[in-house]
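Enquirer: So that we are looking at the same thing, I have put the structure below in structure tokens.
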Amino acid sequence: MIIPNNIKNIVILTGAGISAESGIKTFRDHGGLWENYDIMDVASVEGFNKDPKLVYEFYNARRAQLQKPEISPNAAHLALAELEKKFKGRVTIVTQNVDNLHERAGSHNILHMHGELLKMRCTKSLKVFAITGELNQSTVCPCCKVVGNLRPNIVWFGEVPNGLSEIDQLLRECDLFISIGTSGEVYPAASFVMAAKQSGAHTLEQNLSPTKLSREFDSQFTGSASIEVPRLVKLILSP
């Protein structure tokens, strides 16, 4: 695989595939946390308004899973942290994941476009607060001191992902775009590869198998993220 010379700005899109190897189950997994739930009941404003108790319980379970001792960053997360530390230019991770595995691996320049599981948000002030325990209808909001004003800090269906203007600017400026562990079926993230190519960036895709968008990328490296991402990072950092 040939990595272009003189790369200065790298944008990396990560999806569920990179965290799956750490034991984080996705809604597509058989036996995953989404199973037995209608996704719109637990991932929409309408579902939250209809049955907030169900929504709180669902995200409490996901938050508890994330904090289990056996859940930790894998080799792919660690490799991306190494890339940010050692690369001479700029490295930005744009993640669709709501876990904190990139942070725990040591990455700092991260944009969570779908929110963060270990944060909650006041529906009135829109202020965001950290949370590690359970959130429910009796939780008192830190800013307005009212119960019932807090919700998971997650971007639900029908809501606009975080940081789209910043992401658009990053894609305009990058000269290498890497997509890791994402199906490429969900917009707006599915459009990122074309935006990067229009800016003249070289584009790479890593996934377990080809996706619907694979033909849009300049190069593909197929296999597990924990094996392929460290190999890619080594190539980028090679003199």
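The values are calculated or read from the model by the stated rules, or taken from the named source; none is laboratory data. Nothing here was measured: the structure is a model prediction, and the numbers come from that model. Note: ideal-geometry Cβ built from the backbone for every residue, glycine included; neighbour counts use all protein chains shown. In case anyone asks, the SASA skips ligands and DNA or RNA and just uses the protein heavy atoms, side chains included. Shrake-Rupley method; radii C 1.70, N 1.55, O 1.52, S 1.80 Å.
Enquirer: Would you point out which residue out of Arg90, Arg121 is within 27 Å of Val45 (Cβ to Cβ) and out of contact with any Ser or Thr (no Cβ under 9 Å at 6 or more places or on another chain)?
Expert: Arg121
Enquirer: Going through Ala189, Ala195, Ala201 one at a time, which residue ends up being surrounded by 15 or more Cβ atoms within 10 Å (Cβ to Cβ) and touching a Cys at 6+ places or on another chain (Cβ under 7 Å)?
Expert: Matching residue, one of Ala189, Ala195, Ala201: Ala201.
Enquirer: Out of all the residues in the range 48-101, which are acidic (Asp, Glu), surrounded by fewer than 22 Cβ atoms within 10 Å (Cβ to Cβ) and assigned to a loop (DSSP other than H, G, I, E, B)?
Expert: Asp51, Glu70
Enquirer: Tally up the residues in the range 150-181 that are over 23 Å from Pro4 (Cα atoms) and either in contact with a strand residue (DSSP E or B) (Cβ under 8 Å, 6 or more places away or on another chain) or surrounded by fewer than 18 Cβ atoms within 10 Å (Cβ to Cβ) (or both), please.
Expert: Within the range 150-181, residues that are over 23 Å from Pro4 (Cα atoms) and either in contact with a strand residue (DSSP E or B) (Cβ under 8 Å, 6 or more places away or on another chain) or surrounded by fewer than 18 Cβ atoms within 10 Å (Cβ to Cβ) (or both) number 16.
Enquirer: Hey, does the range 156-166 have a residue that's more than 16 Å from Phe58 (Cα to Cα) and touching a Cys at 6+ places or on another chain (Cβ under 8 Å)? Give the derivation first.
Expert: Of the range 156-166, the ones more than 16 Å from Phe58 (Cα to Cα) are 158-166.
Subsequent filtering for residues that are touching a Cys at 6+ places or on another chain (Cβ under 8 Å) retains none.
Within the range 156-166 (the criterion being more than 16 Å from Phe58 (Cα to Cα) and touching a Cys at 6+ places or on another chain (Cβ under 8 Å)), the answer is no, since none of the residues qualifies.
Enquirer: Which pairs do you get when a residue that is under 15 Å from Tyr56 (Cβ atoms), found in the range 127-138, comes within reach of a residue that is modelled with pLDDT under 95 and assigned to a strand (DSSP E or B), reach meaning Cβ atoms under 6 angstrom, with the pair 6+ apart or on two chains?
Expert: Here the result reads Ser138/Val147, each pair linking the range 127-138 to a residue that is modelled with pLDDT under 95 and assigned to a strand (DSSP E or B).
Enquirer: Still on this structure, please answer the following. Which condition number in (1) surrounded by fewer than 19 Cβ atoms within 10 Å (Cβ to Cβ); (2) modelled with pLDDT under 95 is the one that Ala130 fails?
Expert: With (1) surrounded by fewer than 19 Cβ atoms within 10 Å (Cβ to Cβ); (2) modelled with pLDDT under 95 applied to Ala130, the lone miss is (2).
Enquirer: From the list Thr139, Thr123, which residue is open to solvent by 50 Å² or more (accessible area, probe 1.4 Å) and either more than 23 Å from Gly15 (Cα to Cα) or of a type outside the set (Asp, Glu) (or both)?
Expert: Going through Thr139, Thr123 in turn, the sole match is Thr123.
Enquirer: Among the residues that make up the range 108-122, is at least one of them part of a loop (DSSP other than H, G, I, E, B) and either among the small types (Gly, Ala, Ser) or more than 23 Å from Ser72 (Cα to Cα) (or both)? Even if it seems obvious, please write down each step before you answer.
Expert: Taking the range 108-122 as the starting set, the residues that turn out to be part of a loop (DSSP other than H, G, I, E, B) are 108-109, 113-114.
With either among the small types (Gly, Ala, Ser) or more than 23 Å from Ser72 (Cα to Cα) (or both) added as a condition, the list becomes none.
No.
Enquirer: Let me ask something else about it. Are there any pairs with C-beta distances below 7 angstrom linking a residue in the range 18-29 that is on the phi > 0 side of the Ramachandran plot and at pLDDT 65 or above to a residue that is open to solvent by less than 50 Å² (accessible area, probe 1.4 Å) and not acidic (Asp, Glu), with the two at least 6 apart or on different chains, and if so which?
Expert: Gly23/Ile71
Enquirer: Within the range 214-239, take every residue that is open to solvent by 30 Å² or more (accessible area, probe 1.4 Å) and among the aliphatic types (A, V, I, L, M) and give me the one that is nearest to Glu84 (Cα to Cα).
Expert: Leu237
Enquirer: Which one is least open to solvent (accessible area, probe 1.4 Å) among residues in the range 102-120 that are closer than 22 Å to Leu237 by Cβ and of a type in the set (D, E, K, R)?
Expert: Taking the range 102-120 and keeping what is closer than 22 Å to Leu237 by Cβ, we get 102-110.
Of the ones still in play, those that are also of a type in the set (D, E, K, R) are 103-104.
Working: Glu103: 70, Arg104: 109 Å².
My answer is Glu103.
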